[in-house]
1. Quick one: which helices (runs of 4 or more DSSP H) sit completely within the stretch 8-86 and have at least 2 residues that are in contact with a helix residue (DSSP H, G or I) (Cβ under 6 Å, 6 or more places away or on another chain)?
2. In this structure, does LEU201 turn out to be under 21 Å from VAL33 (Cβ atoms) and either open to solvent by 40 Å² or more (accessible area, probe 1.4 Å) or among the hydrophobic types (A, V, I, L, M, F, W, C) (or both)?
3. Restricting to the stretch 161-180, and then to whatever is of a type in the set (A, V, I, L, M) and open to solvent by 60 Å² or more (accessible area, probe 1.4 Å), can you tell me which residue is farthest from ILE138 (Cα to Cα)?
4. What pairs can you find where one residue is in the stretch 52-80 and within 16 Å of GLU25 (Cβ to Cβ) and of a type in the set (Gly, Ala, Ser), the other is surrounded by 15 or more Cβ atoms within 10 Å (Cβ to Cβ) and at pLDDT below 90, and their Cβ atoms are less than 7 Å apart, with a gap of 6+ or different chains?
5. Scan the stretch 181-194 for residues that are open to solvent by less than 60 Å² (accessible area, probe 1.4 Å) and either β-branched (Val, Ile, Thr) or under 20 Å from ILE135 (Cβ atoms) (or both) and jot them down.
Amino acid sequence: MPPHPADPSYHVPNRRLDRWEHRAEWPLAGIAVVFLAVYSVQVLARPPEHVNRLLDSVNAGLYLAFVVDYLVRLCLAKQRVRWFFGHLVDLAIVVLPFLRPLRLLRLVVLFKVLQRAVGDAIRGRVIIYTASSAILLIYVASLAVLEAERQDPRSDITSLGQAVWWAITTVTTVGYGDLSPVTVTGRVIAALLMIGGISLLGVVTATLASWIVQRVAEEDEANQAATSAQIEDLRAEIKQLSDAIQNNGRARGPRSAYSEHTGWSGGRGRT
């Protein structure tokens with residue numbers, strides 16, 4: 001029976017799950033890169049049928065690594081039911097692509113895995129994050145829409161250059177309309193690309209805003225620290241001056257110290 005939210009153990013980090021996710025990040029990222037390379041060869045080189053079937057088998061074997069990762073994380077979760085409902089998107093990513101009409105959704109796993117691997121490593125480097133994510137998103141969408149559209153005689157997207165141009169105008173929400181998908185699969189890819197472009201823009205905006213707030217806070221802290229140091233130095237100087245005056249007064253006596261500072265010699269007048 002899983003612990004109740006009021007139980008202190010409910011909020012204890014799951015170290016076994018954390019270790020697995022940390023160790024699996026880069027191996028899965030490497031598999032994702034190979035997965036994309038094989039898919040690129042299939043789409044761009046258009047190999048013979050027997051070679052294409054072999055590459056399909058290779059990609060299916062690579063994709064099983066993502067399925068295994070999902071199942072292991074589910075098994076290692078302390079509250080499996082809670083984890084399951086909290087990761088329904090992960091479930092959809094690993095299950096839906098087994099249906100042949102939706103097999104292109106396997107490409108979505110690329111973004112999920114690469115984000116896990118490099119998201120923390122480039123945190124705060126907005127330009128690098130934006131450029132790499134945008135390039136990957138446009139390239140993957142271009143491959144997917146080209147594969148879906150070039151076999152349909154009604155489509156104008158028949159080359160990689162046209163597919164890339166269409167992906168750029170779509171992800172930036174410009175949408176000139178000179179090229180557009182006509183197949184159902186192509187339109188599904190277009191919808192996902194639109195959502196991905198909006199999400200990417202939102203993430204970049206939020207990251208940039210967070211970075212600006214952090215820098216302003218750091219500058220405020222530095223200014224406050226400098227001001228505090230100056231005040232402490234001023235207090236120390238005042239204390240040293242006060243101590244010097246008191247010590248001088250004790251050495252000369254009250255009247256001589258007063259006479260030195262006021263010019264009064266104690267007589268009836270000055271000569």
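1. Qualifying helices (runs of 4 or more DSSP H): 15-40, 49-76.
2. Numbers: under 21 Å from VAL33 (Cβ atoms): no; either open to solvent by 40 Å² or more (accessible area, probe 1.4 Å) or among the hydrophobic types (A, V, I, L, M, F, W, C) (or both): yes.
No.
3. The selected residue is VAL174.
4. Close Cβ pairs satisfying both conditions: ALA65/LEU28; ALA65/ILE31.
5. Residues of the stretch 181-194 open to solvent by less than 60 Å² (accessible area, probe 1.4 Å): 181-183, 185-186, 189-191, 193.
Scanning the stretch 181-194 gives VAL182, THR183, THR185, ILE189, ALA190, LEU193.
One line per residue, one yes/no per condition, for (1) under 28 Å from the mean Cα position of the chain (by Cα); (2) acidic (Asp, Glu); (3) modelled with pLDDT of 90 or more:
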| residue | (1), (2), (3) |
| --- | --- |
| LEU36 | yes, no, no |
| VAL43 | no, no, no |
| ARG46 | no, no, no |
| GLU49 | no, yes, yes |
| TYR63 | yes, no, no |
| PHE66 | yes, no, no |
| ASP69 | yes, yes, no |
| VAL72 | yes, no, yes |
| CYS75 | yes, no, yes |
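The values are calculated or read from the model by the stated rules, or taken from the named source; none is laboratory data. This is a predicted model, so every value here is computed, not measured. As a convention, Cβ positions derive from the backbone with ideal geometry for all residues, glycine included, and neighbour counts pool all protein chains shown. Protein only, heavy atoms only, side chains kept; ligands, DNA and RNA dropped before computing areas. Shrake-Rupley method; radii C 1.70, N 1.55, O 1.52, S 1.80 Å.
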